[in-house]
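All of the numbers you see were taken from the coordinates with simple rules; none came from a lab. All figures in this text were calculated on a predicted structure; none of them were measured in a lab. Note that each Cβ is placed from the backbone with ideal geometry, even for glycine, and that neighbours are counted across all protein chains shown.
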Amino acid sequence: MSVAFQDGDELRELYRELIIDHAKSPRHFGKIDAATHSAEGINPLCGDKLTLYFDVDSNDRIRDARFEGSGCAISVASASLLTETVIGLDTKRALRFFATMVNRLAGRTDERQPDADEIDEIDLGKLRALEGVKEYPSRVKCATLAWHALSAALKRKAEPVSTE
Ligand code: ZN
C-alpha cells in the first residue's frame, strides 16, 4: 500500500523546492551596465535590499533583466523568478504581472486596480510558488519587493522604493 499525497501537499512541496532552488541559485544575478531602466527596492522590516536592472528595446520589449543585492530567501527567489518571467515581455505586460502579483499576495495595490479580465488573463505559472507567503503576512513585503522595484524602474521613478 502506498501513501497518497493530497494534491495540495504535493504542490506545496514542489513550490517550496522551487523557492529554495531560486534562493540558492538566483537566475540573472548581476548588473546590466547599460541598463535603460533600474530601481532599488528596500524592505527595512527584513533588511532586503535589491537593485533591479532592465534593458528595454525601442519596441518596449524587455531584452534583459538582472538584479543584485542581498535579502532573505523569499525576496531573492521572488526577484529571480521575476527576471525569468519578464525577459521577452513588453513593459505593459510586465506591469500587469506586477499588478497581479501585488493583488494576489497583498490583496491590494496602490496601482490602478486592473480589472478582473486582466488578472485572469495572466498565467502566473511558476510565480504561484510565491503565493504561499500569504499565510505569513510579515513575509509578503519580502515577496513583493522586487515587483515594486520593477514597477518603479519601468515607470522611471528616481527615488528608491521602500515597502514602508
Ligand atoms: Zn525578506
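Worth a mention:
- In nm, spacing of pseudo-spin labels at LYS134 and ARG12 (7 Å Cα→C-beta vector): 1.4 nm
- Working from the Cα coordinates of segment 36-75, the gyration tensor eigenvalues give, after taking √(5λ), semi-axes of 25, 9, 7 Å in decreasing order.
- Judged by the mean number of other Cβ atoms found within 10 Å, the most tightly packed of the peptides 9-16, 134-141 leads the ranking 134-141, 9-16.
- With the simple model of a label 7 Å out from the Cα in the direction of the Cβ, ASP123 to ALA34 spans 3.4 nm.
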